[in-house]
Amino acid sequence: MTPQQASELNEALCRRAPVIPVLVIDDAGQAEGLAQALVKGGLPALEVTLRTPAALDAIREMAKVAGGVVGAGTLLTPRDVENAKAAGAQFGVAPGATDRLLDACEANDLPLLPGAATASEAMRLLERGYTVQKFFPAEANGGAAALKAIGAPIPQVRFCPTGGVSLSNAPDYLKLSNTLCVGGSWVAPSDAVASGDWDRIEALAAEAVSKLS
Ligand code: 3PG
């Protein structure tokens with residue numbers, strides 16, 4: 001898959017809903033219920049971070065949920081890419097980008113949303129063909145003001161800002177012409193995931209859709 005094809009797929013994905021939930025899952029047994037709640041609430045694109053031993057099994061479970069599109073986040077190495085693809089991930093997300101990681105995603109046909117935090121990083125990815133990128137860590141890196149400033153000289157790159165994004169600051173990003181959607185964990189709080197409180201998670205997803213669309 002070329003970077004251009006990956007960017008087209010991820011642009012379409014980011015346009016499906018205002019938020020991509022960023023999920024940390026400790027028990028793959030929770031994956032199906034969690035995915036169903038988020039999809040029901042209106043958030044179909046789901047990022048499962050590869051930060052827990054249960055993550056790959058969670059992706060396998062979520063890939064079965066109708067209406068959802070599950071991806072793997074925190075991709076750091078080519079092995080992560082192979083594992084994510086084998087588990088059924090339909091897209092990938094990384095906090096940054098290395099040539100090895102980009103090569104692996106392109107070779108494995110996994111559309112990657114690569115991370116950039118500076119103009120130089122965004123330019124390097126653009127040079128390779130990635131016009132859709134993750135702006136990370138969004139808030140710590142200057143927030144919507146920084147992303148707006150990067151958009152002035154590089155308007156052809158569109159972003160999914162992630163990291164410290166919440167229901168209250170998401171509108172600041174979403175009104176920018178270079179922001180497609182945001183990523184955030186607030187729609188799936190760890191206590192609600194742990195207790196299987198799917199009604200609460202569905203309500204948080206629905207609230208995000210209604211306030212941010
Ligand atoms: C992450 O890496 O965990 C994501 O950027 C999500 O960040 P958040 O928890 O601040 O939404």
Review point. If G151 satisfies every condition in (1) open to solvent by less than 30 Å² (accessible area, probe 1.4 Å); (2) within 14 Å of the chain's Cα centre (by Cα) but one, which is the exception?
Key: (2)
Check your understanding: Wholly within region 65-138, which helices (runs of 4 or more DSSP H) include no fewer than the required count, namely at least 1 residues that are in contact (Cβ under 8 Å) with a residue 40 or more places away in the chain?
Key -> 99-107, 119-128
Review point. Does region 189-197 contain any residue that is within 12 Å of the ligand (Cβ to nearest atom), out of contact with any helix residue (DSSP H, G or I) (no Cβ under 9 Å at 6 or more places or on another chain) and over 26 Å from L125 (Cα atoms)?
Key: yes
Study note, to complete from the structure: Those residues of region 173-205 that are in contact with a Gly (Cβ under 8 Å, 6 or more places away or on another chain), part of a loop (DSSP other than H, G, I, E, B) and open to solvent by 10 Å² or more (accessible area, probe 1.4 Å) come to a total of 3
Practice item. Quick one: which residue in R51, R16, R60, R79 is closer than 24 Å to R128 by Cβ and open to solvent by 50 Å² or more (accessible area, probe 1.4 Å)? Key: R79
Practice item. Check whether at least one residue in region 31-43 is more than 22 Å from S185 (Cα to Cα) and assigned to a helix (DSSP H, G or I), and report yes or no. Key: no
Point to revise | Residues satisfying the stated conditions in region 141-172, i.e. near the ligand (Cβ under 9 Å from one of its atoms) and assigned to a loop (DSSP other than H, G, I, E, B) | key: G163, G164, V165, S166
**Study point:** Subset of region 92-128 that is charged (D, E, K, R) and surrounded by fewer than 19 Cβ atoms within 10 Å (Cβ to Cβ) - its residue that is nearest to G163 (Cα to Cα)
**Key:** E121
Point to revise | Pairs with Cβ under 9 Å, 6+ apart, first in region 146-172 and under 17 Å from T118 (Cβ atoms), second part of a strand (DSSP E or B) and away from the ligand (no atom under 16 Å from the Cβ) | key: G151/R158; V157/V132; R158/V132; F159/V132; C160/V132
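The values are calculated or read from the model by the stated rules, or taken from the named source; none is laboratory data. What you are looking at is a predicted structure, and each value in this text was computed from that prediction instead of being measured. Positions of Cβ are generated from backbone atoms using ideal geometry, with glycine treated the same way; all protein chains shown enter the neighbour counts. Side chains included, ligands, DNA and RNA excluded: accessible areas come from the protein's heavy atoms. Shrake-Rupley method; radii C 1.70, N 1.55, O 1.52, S 1.80 Å.
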